[in-house]
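Student: Can you keep this structure in mind? I'll have questions shortly.
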Amino acid sequence: MSELVSLSRDAEIGVITINNPPVNALSLRVAEEILSCVKFGRSDDSVKALVLIGAGRTFIAGADIKEFEAITSGQRARDVGFTPLLAALEDCPKPVICAIHGTALGGGLEVAMACHYRVAVASAQMGQPEVKLGLIPGAGGTQRLPRLAGIAKAVEMCTGGNPIKAAEALANGIIDRVIAGDLLEGALEYARELLIPGVPPRRTRDMSEKLGDPEANVLIFESARERVRQRERGRMAPLKTVDAIEAAAKMSFDDGLRKEADLFMECLFSDQSKALIHVFFGEREVSKVPGITKDIPVKEVRKAAVVGAGTMGSGIAMNYANAGIPVLLKEVSQEALDRAMANVRKDYESSARKGRLTPEAVSERLKLIQPVLSYDRFPEVDIVVEAVFEEMELKQEVFAELDEACKADAILATNTSSLDIDRIASVTAHPRRVIGHHFFAPPSVMRLVEIVRGKATSREVIASSMALARKLNKVGVLVGNCFGFAGNRMYLPYQREAQFLVEEGAQVQDVDAALFNFGMAMGPLATADLTGLDVAGRIQQEQSPLGPRGARRPLIASKLCEGGRLGQKTGSGWYRYQARDRKPIPDPAVTEIAEGQARAAGIARRLIPNEEIVERTIYALINEGAKILEERIALRAVDIDIIYIYGYGFPAHRGGPMWFADTVGLDRVYRRVCEFEQQHGVLWAPAPLLKRLAESGRSFADFDREPSAA
């Protein structure tokens with residue numbers, strides 16, 4: 001037929017092969033060509049059955065997201081165009097067998113479920129991940145999956161969006177056979193078995209035995225909605241998904257399809273879906289660095305080392321072991337090493353108990369982490385990550401030692417969260433090999449790595465660092481060198497305003513609740529307790545980032561530290577904590593401290609609405625982000641968005657702080673920033689870029705599209 005889809009013959013079986021590399025994405029054109037093959041096979045009397053299979057490394061990894069963008073932009077009619085294909089597959093009078101390898105995700109699984117039968121290799125994975133893009137399955141997924149797997153399993157798969165493996169799919173009725181050998185041969189054999197009895201094809205739409213009992217379903221749907229509200233705070237797509245699956249249980253198939261289509265379009269045109277699609281493409285965009293071309297050599301990291309075996313250092317070492325890279329973990333005492341390795345073992349064994357790792361995998365990863373007390377074996381390594389105490393003199397001392405201990409082409413990376421990369425590099429003979437690798441806590445969970453280039457960092461080291469981040473299953477974002485880089489430099493005004501709000505009359509728990517309800521993973525003051533109030537204090541002592549001389553400074557945090565209230569580790573900070581319990585408990589003593597500090601400073605206290613709490617904190621992020629963009633500390637606004645979503649718990653369904661600003665409208669953000677400047681002083685001076693974009697009617701997305709943006 002065409003280069004994208006072909007129809008061949010194996011005796012009486014027609015074989016439809018999709019060949020749309022790299023992942024056989026289901027575009028409108030691919031759907032139309034599969035449909036043509038189905039019609040051709042249906043009309044050919046010598047063809048008794050059809051097998052649908054993918055060429056290359058996968059079946060269909062999902063629908064082409066650009067098709068959705070074409071709809072929302074008005075370039076195409078709202079009908080995605082997949083409906084005729086699915087109807088033709090299901091209505092075909094000849095058996096249609098779908099053969100799955102790699103992944104059948106989203107539209108790929110919907111195509112598979114419209115076929116009469118499904119077989120898969122053992123390594124195949126299937127799922128409906130649309131919810132992660134702010135969507136629901138829009139091509140019958142919420143109607144066919146419950147008919148195959150049951151209501152509860154369909155709710156779980158469609159609201160969570162996570163794939164399942166072939167064995168689980170078989171157990172739940174989603175596929176009919178796991179093929180042990182060659183997939184095509186197994187599918188052809190299965191097709192011929194079906195032809196022997198001459199039974200009419202089995203249509204998924206006609207299956208109803210797994211749709212369950214109405215009373216039992218009520219409990220499933222109520223439980224699902226409550227779980228989604230807690231787990232996916234503020235997101236509409238998971239709830240709409242439950243609504244669509246409920247339609248499958250209560251309506252006819254055709255009415256359910258219409259309901260699904262309406263809900264899908266509601267999600268597709270929502271700000272949330274646009275934001276999540278922005279994040280999807282943004283994660284790929286941040287890997288593109290101007291000047292870092294494919295011809296630049298990338299250093300292969302075969303062995304690594306980490307200096308400092310505290311919480312961050314041991315977590316970073318685990319990242320390397322998880323990627324199969326042997327890593328030396330250095331400390332200054334055997335006691336510190338033993339403590340670190342005990343914690344590493346504890347973390348891995350916890351993962352094994354939860355079924356995430358096998359005992360064999362735990363043993364293999366522990367063997368890859370080799371504790372050492374000296375630099376004797378450091379000439380073997382290709383990269384060292386320094387993760388010692390956040391203090392400049394100590395870091396310079398370590399880098400001077402590494403410069404001597406390591407081979408000349410080894411990458412020397414620092415995990416500093418805020419300190420000057422160039423000052424650290426200045427003690428080495430070759431600062432071109434020094435770079436920042438700012439992992440986020442806990443490193444085993446957080447996917448972000450801020451990759452910080454110094455003024456002398458070579459392009460080879462940058463390219464190698466970006467490639468290494470991918471190998472470690474991290475999202476690497478390149479940023480420039482300044483105090484706090486991109487993430488923490490922006491976070492300081494955010495934290496500053498949270499503290500100012502408490503001084504002005506807001507309750508600690510109200511500030512955190514407003515930001516939590518906005519969608520942040522944690523409120524700023526609870527986060528400060530988690531990281532430690534003394535940690536932030538030490539960072540600020542290194543280089544004050546809080547504004548010009550005479551500008552207002554937060555008053556309460558230092559008072560808390562003076563009283564030994566350092567956060568969770570001391571049992572009290574902004575909140576108090578019970579032994580072995582991280583649940584924050586509001587503490588009237590903090591209110592007394594806030595009132596006393598406000599009186600002494602002449603600050604009038606008042607009731608502060610939630611809207612102001614959100615604007616004061618989030619707009620402070622945005623204003624500082626605009627300064628960072630103009631200074632080229634961040635290459636693009638989308639880079640800041642990815643940093644904040646993957647490193648700071650910013651709600652993905654709001655697209656990151658800069659995308660959120662575009663959604664609100666930069667004119668509104670700018671006006672409010674100007675108002676805050678009048679009310680609160682020089683710290684709120686609008687960023688020139690924010691002013692320029694707002695006054696010209698442009699957005700941060702427009703800025704990213706400008707030729708000079710990257």
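The values are calculated or read from the model by the stated rules, or taken from the named source; none is laboratory data. No experiment lies behind these values; they were computed from the predicted model shown. Neighbour counts are summed over all protein chains in view; Cβ atoms, including those assigned to glycine, are modelled from backbone coordinates with ideal geometry.
Student: Answer with yes or no whether GLU156 is within 24 Å of MET251 (Cβ to Cβ), surrounded by 22 or more Cβ atoms within 10 Å (Cβ to Cβ) and out of contact with any Cys (no Cβ under 6 Å at 6 or more places or on another chain).
Tutor: no
Student: Shifting gears a bit: Quick one: would you say PRO238 is surrounded by 13 or more Cβ atoms within 10 Å (Cβ to Cβ) and within 30 Å of ALA11 (Cα to Cα)?
Tutor: So PRO238 fails the test.
Student: So, of the residues in region 209-223 that are assigned to a loop (DSSP other than H, G, I, E, B) and out of contact with any Lys or Arg (no Cβ under 7 Å at 6 or more places or on another chain), which turns out to be nearest to MET113 (Cα to Cα)?
Tutor: GLU209
Student: Same structure, new question: Output the number of residues of region 228-248 satisfying the condition of being in a helix (DSSP H, G or I), modelled with pLDDT of 95 or more and over 21 Å from ASP176 (Cβ atoms).
Tutor: Selection size over region 228-248: 11.
Student: Inside region 440-525, counting only helices (runs of 4 or more DSSP H) that do not spill past its ends, which hold 2 or more residues that are within 25 Å of the chain's Cα centre (by Cα), surrounded by 18 or more Cβ atoms within 10 Å (Cβ to Cβ) and in the same structural domain as ILE628 (by TED's automatic domain parsing)?
Tutor: 487-503, 508-518
Table: residues versus (1) assigned by TED's automatic domain parsing to the domain that holds TYR491; (2) charged (D, E, K, R); (3) modelled with pLDDT under 95; (4) over 25 Å from the mean Cα position of the chain (by Cα).
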{"site": "GLU542", "(1), (2), (3), (4)": "yes, yes, yes, yes"}
{"site": "ALA551", "(1), (2), (3), (4)": "yes, no, yes, yes"}
{"site": "SER558", "(1), (2), (3), (4)": "yes, no, yes, yes"}
{"site": "THR570", "(1), (2), (3), (4)": "yes, no, yes, yes"}
{"site": "GLN578", "(1), (2), (3), (4)": "yes, no, yes, yes"}
{"site": "ARG582", "(1), (2), (3), (4)": "yes, yes, yes, no"}
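Student: Within region 10-27, track down each residue that is farther than 15 Å from LEU195 by Cβ and either touching an Asp or Glu at 6+ places or on another chain (Cβ under 6 Å) or of a type outside the set (A, V, I, L, M) (or both).
Tutor: Scanning region 10-27 gives THR17, ASN19, ASN20, PRO21, PRO22, ASN24, ALA25, SER27.
Student: Same structure, new question: Determine whether GLN499 is modelled with pLDDT of 95 or more, out of contact with any strand residue (DSSP E or B) (no Cβ under 8 Å at 6 or more places or on another chain) and among the polar types (S, T, N, Q).
Tutor: Yes; evaluated as a whole, the condition is true for this residue.
Student: Among the residues in region 476-483, are any modelled with pLDDT of 95 or more, closer than 20 Å to ARG302 by Cα and not polar (S, T, N, Q)?
Tutor: Yes: region 476-483 contains one or more residues that are modelled with pLDDT of 95 or more, closer than 20 Å to ARG302 by Cα and not polar (S, T, N, Q).
Student: Quick one: is GLU695 closer than 23 Å to GLN495 by Cα and either in contact with a helix residue (DSSP H, G or I) (Cβ under 8 Å, 6 or more places away or on another chain) or not acidic (Asp, Glu) (or both)?
Tutor: The answer is no for GLU695.
Student: State which residue pairs qualify: first residue over 16 Å from ALA486 (Cα atoms) and inside region 407-424, second residue hydrophobic (A, V, I, L, M, F, W, C) and surrounded by fewer than 15 Cβ atoms within 10 Å (Cβ to Cβ) in any location, beta carbons under 7 Å apart, and separation of 6 or more residues or different chains.
Tutor: Every condition considered, the pairs that remain are ARG423/MET392.
Student: Quick check, is ALA410 buried (at least 24 other Cβ atoms within 10 Å of the Cβ) and over 30 Å from TYR648 (Cβ atoms)?
Tutor: Yes: the conditions hold for ALA410.
Student: Looking only at region 331-339, decide whether some residue is touching a strand residue (DSSP E or B) at 6+ places or on another chain (Cβ under 8 Å) and among the hydrophobic types (A, V, I, L, M, F, W, C).
Tutor: Checked against the condition, which is being touching a strand residue (DSSP E or B) at 6+ places or on another chain (Cβ under 8 Å) and among the hydrophobic types (A, V, I, L, M, F, W, C), region 331-339 yields at least one hit.
Student: Go through region 690-708 and count every residue that is over 28 Å from the mean Cα position of the chain (by Cα) and not in a loop (DSSP other than H, G, I, E, B).
Tutor: 5
Student: Turning to a different aspect of this structure: Evaluate region 16-25: report whether one residue or more is polar (S, T, N, Q), surrounded by fewer than 23 Cβ atoms within 10 Å (Cβ to Cβ), outside any helix (DSSP H, G or I) and in contact with a Leu (Cβ under 7 Å, 6 or more places away or on another chain).
Tutor: Yes; the residues of region 16-25 include at least one that is polar (S, T, N, Q), surrounded by fewer than 23 Cβ atoms within 10 Å (Cβ to Cβ), outside any helix (DSSP H, G or I) and in contact with a Leu (Cβ under 7 Å, 6 or more places away or on another chain).
Student: Take ASP176 and tell me if it is in contact (Cβ under 8 Å) with a residue 40 or more places away in the chain, in the same structural domain as LEU89 (by TED's automatic domain parsing) and of a type in the set (Asp, Glu).
Tutor: Judged against the criteria, ASP176 is a match.
Student: Filter region 120-148 for residues that are in contact with a Gly (Cβ under 6 Å, 6 or more places away or on another chain), buried (at least 24 other Cβ atoms within 10 Å of the Cβ) and of a type in the set (A, V, I, L, M, F, W, C) and give the result.
Tutor: Of everything in region 120-148, those that are in contact with a Gly (Cβ under 6 Å, 6 or more places away or on another chain), buried (at least 24 other Cβ atoms within 10 Å of the Cβ) and of a type in the set (A, V, I, L, M, F, W, C) turn out to be VAL131, ALA139.
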